[in-house]
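For reference, the structure discussed in these notes is given below.
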Amino acid sequence: MTAADPDVRFGVLDVTPERYAVSPMLEAQISVSSTGDEPIHAIALRCQIRIQPLRRGYTDDEAAGLLDIFGPRERWPATQQAFPWLHATSMVPGFTGATTATLPLQCTYDLEVAASRYFHALRAGTIPLQFLFSGTIFGTGPLGLQVQHVSWDCEDSYEMPVSVWRALIGQHYPDTGWLRLRHDNLAALSEFKSRHGLLDLDDAISTLMAGAVSSPMWTDDSAAAGR
């Protein structure tokens, strides 16, 4: 980038649920500014969004939900490192000086994904996000069209309220979540459901859990017998 090239910068203004999307999607409103006098024709914007867990505190209930991600609290200084959540892209239309753009964030509630488990464990407060911007800027140069890269140091931090995530998931999956099972376990669960005349797999799991509580598989007597 030469001294005459525009210095393009990005910032995160807001993140909100997309109300009419078929699948869970957030929309990040991005500010875009250029210090140059020449118009920017377009920007092919790319962004990696990372979670920075060390930027917030956690209650005991939240810590219990984060145990399988970060381990016990005493290990958190070593295990709570920033980790990637999403990669997103967007085309920023032409502008001069400054504009705003929308960056769509396609989300999942698959609890096999670390970010979803992290979000699910949080009860309140904010989710500490880091937006790392990259991409290609199309502008005007001495010979006509000029192409340059977004500066490597373009980034911004954003505190997304946990309530935003919960509103998004509640909109698409009210009072439900996702559980992945092996094919043989799924077949066995379906057979159990049919054999007992249950309405769905949720009822089958509730029935099995209730049976496990009333007739625990491992008791003091069985332990003694095992010895």
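The values are calculated or read from the model by the stated rules, or taken from the named source; none is laboratory data. For clarity, every value in this text was computed on a predicted model and none was experimentally measured. Cβ: placed from backbone, ideal geometry, glycine included. Neighbour counts: every protein chain shown. Heads up: the accessible areas ignore ligands, DNA and RNA and are worked out on the full protein's heavy atoms, side chains in. Shrake-Rupley method; radii C 1.70, N 1.55, O 1.52, S 1.80 Å.
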With unit charges on the beta carbon (Lys/Arg positive, Asp/Glu negative), name the residue among Ile205, Ser151, Gly97 whose Cα is farthest towards the positive pole of the charge dipole of the chain. Ile205
Among Ile49, Ile30, Gly65, which residue has its Cα positioned farthest towards the positive end of the charge dipole of segment 3-106, with +1 placed on the Cβ of Lys and Arg, -1 on the Cβ of Asp and Glu, and the dipole taken about the Cα centre? Gly65
Could you give me the ³J(HN,Hα) list for segment 55-72, computed from phi with Karplus coefficients 6.51, -1.76, 1.60 and θ = phi - 60°, whole Hz, x at Gly and Pro? 7, 9, x, 9, 6, 5, 4, 5, 4, 5, x, 9, 4, 7, 9, 10, x, x
Report, to two decimal places, the Cα Rg of the chain normalised by 2.2 N^0.38 Å (N = number of residues). 1.41
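Could you put Thr35, Thr126 in order of accessible surface area, largest first, with the 1.4 Å probe and the full protein assembly present? Mind dumping the intermediate values first?
Numbers: Thr35 105, Thr126 45 Å².
Result of the area sort, largest leading: Thr35, Thr126.
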Counting pairs of alpha carbon atoms under 8 Å apart in space and at least six apart in sequence, what relative contact order in percent does the chain give? 23
Quick one: pull the percent of accessible area on segment 131-204 belonging to carbon and sulfur, 1.4 Å probe, ligands and nucleic acids left out. 58
From phi via Karplus (6.51, -1.76, 1.60), per-residue ³J(HN,Hα) for segment 31-44 in Hz, x at Gly/Pro: 8, 10, 9, 10, 7, x, 8, 6, x, 8, 6, 5, 9, 8
Non-local residues with an amide H under 5 Å from the amide H of Phe83, with H modelled 1.01 Å from N and Pro and chain starts lacking one, are Ile51
Residue by residue through segment 12-25, which ³J(HN,Hα) values in whole Hz follow from phi under the Karplus form 6.51 cos²θ - 1.76 cosθ + 1.60 (θ = phi - 60°), with glycine and proline marked x? 9, 8, 6, 9, 9, x, 8, 5, 10, 6, 6, 10, x, 8
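Once you order the gyration tensor axes a ≥ b ≥ c over the Cα atoms, which shape class does segment 1-62 get: rounded for a/c under 1.5, otherwise prolate or oblate by comparing a/b with b/c?
Values: a/c = 3.46, a/b = 1.75, b/c = 1.98.
Judged from the Cα gyration tensor, segment 1-62 comes out oblate (a/c at least 1.5, b/c at or above a/b).
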For Glu18, list long-range residues whose amide hydrogen, built 1.01 Å from N in the peptide plane, is under 5 Å from its own amide hydrogen. Met25, Leu26, Glu27
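What dipole magnitude, in Debye to the nearest 20, does the chain give about its Cα centre under +1 on Lys/Arg Cβ and -1 on Asp/Glu Cβ? Display every interim value, and only then the final one.
Values: 16 positive and 26 negative charges, 55 e Å.
Taking the Cα centre of the chain as origin, the dipole is about 260 debye.
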For segment 41-160, fraction of C-alpha pairs farther apart than 25 Å, in %: 38
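At 1.4 Å probe size, with every protein chain present, just tell me what the per residue accessible area of segment 9-54 comes to in Å². Provide the component values of the computation, followed by the final result.
Working: 2190 Å² over 46 residues.
Accessible area per residue: 48 Å².
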Please report, to two decimal places, log10 I(q)/I(0) for segment 29-103 at q = 0.15, 0.21, 0.22, 0.23 Å⁻¹ as given by the Debye formula with identical point scatterers on the Cα atoms and no solvent. -0.66, -0.88, -0.94, -0.99
What angle do you read, to the nearest 10 degrees and between 0 and 90, between the alpha-carbon axis of helix 201-214 and the longest principal axis of the chain? 50
